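What follows is one structure encoded as structure tokens, with my remarks underneath.
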Amino acid sequence: MNVFFTGTVNVDETTYLFSPKVLDRAFVLELNEVDLEGYGAEPHDDGGLMLSKFRSFDSTEKPAPKHWRALDPESRAALVRLEALLVKEGRPFGYRVANEIARFVHLTVEQSAVDADARLTGLDLAIRSKILPKLNGTQQELQSTLGVLATFCEQERLTRCTKKIARMQDCLV
């Protein structure tokens, strides 16, 4: 498996959250699931993303409006709906995040040789990595937003986001 890390950080009760500025410019990938039964086994299919057969791409190209324009209509419509929901909650995201997500989804589809749901997988991972980490606050501040997002993610079949939001809601109580 080829994974490119530019930095790692442990996040726990002794550390500060990332600033919104950092979250706008980086993808936060949570690596918090442990598979002890599969630990040490031979590499296997990674759910269709085929990262073990990862092809190279121009990593110097910055996300730009052209990536948003090239985004498939379903993903673009979902992001427009999501942004509208977040605006109502007072937590909008901007053009930079839209461009980053669009490029991520495009690269996911491009790199996936066999996954028919690569677009949905890319969108799910991108929202989980770019939007959900920005949500912080008190129970009173977050309860409504997380409820709205949970409904949205369930309707869009964004299973990773749905699970993350459920964990976030559990932490509020």
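Considering only residues that are within 16 Å of the chain's Cα centre (by Cα) and among the small types (Gly, Ala, Ser), which ones fall in region 58-91?
Those that are within 16 Å of the chain's Cα centre (by Cα) and among the small types (Gly, Ala, Ser): Ser75, Ala78.
Please enumerate the residues belonging to region 156-173 that are buried (at least 16 other Cβ atoms within 10 Å of the Cβ) and among the acidic types (Asp, Glu).
Glu156
Here's a check for you: in region 140-155, which residue that is among the hydroxyl-bearing types (Ser, Thr, Tyr) and over 17 Å from Val80 (Cβ atoms) is surrounded by the most Cβ atoms within 10 Å (Cβ to Cβ)?
So, considering only residues that are among the hydroxyl-bearing types (Ser, Thr, Tyr) and over 17 Å from Val80 (Cβ atoms), the one surrounded by the most Cβ atoms within 10 Å (Cβ to Cβ) is Thr145.
Going by what's in this entry, would His67 be described as open to solvent by 30 Å² or more (accessible area, probe 1.4 Å) and either part of a loop (DSSP other than H, G, I, E, B) or modelled with pLDDT of 90 or more (or both)?
no
Name every residue in region 73-99 that is of a type in the set (Lys, Arg) and under 17 Å from Arg128 (Cβ atoms), in order of residue number.
Once the filter is applied, which keeps residues that are of a type in the set (Lys, Arg) and under 17 Å from Arg128 (Cβ atoms), region 73-99 yields Arg81, Arg91.
Do we have any residue at all in region 114-122 that's within 23 Å of Asp24 (Cβ to Cβ) and open to solvent by less than 30 Å² (accessible area, probe 1.4 Å)?
Yes: one or more hits.
Among the residues of region 84-96, is any part of a loop (DSSP other than H, G, I, E, B) and modelled with pLDDT under 65?
no
The values are calculated or read from the model by the stated rules, or taken from the named source; none is laboratory data. Predicted, not measured: the structure shown is a model, and the values here were computed from it. So basically every Cβ, Gly included, is an ideal-geometry build from the backbone, and we count neighbours across all protein chains shown. Areas reflect the complete protein model, heavy atoms only, side chains present, ligands, DNA and RNA absent. Shrake-Rupley method; radii C 1.70, N 1.55, O 1.52, S 1.80 Å.
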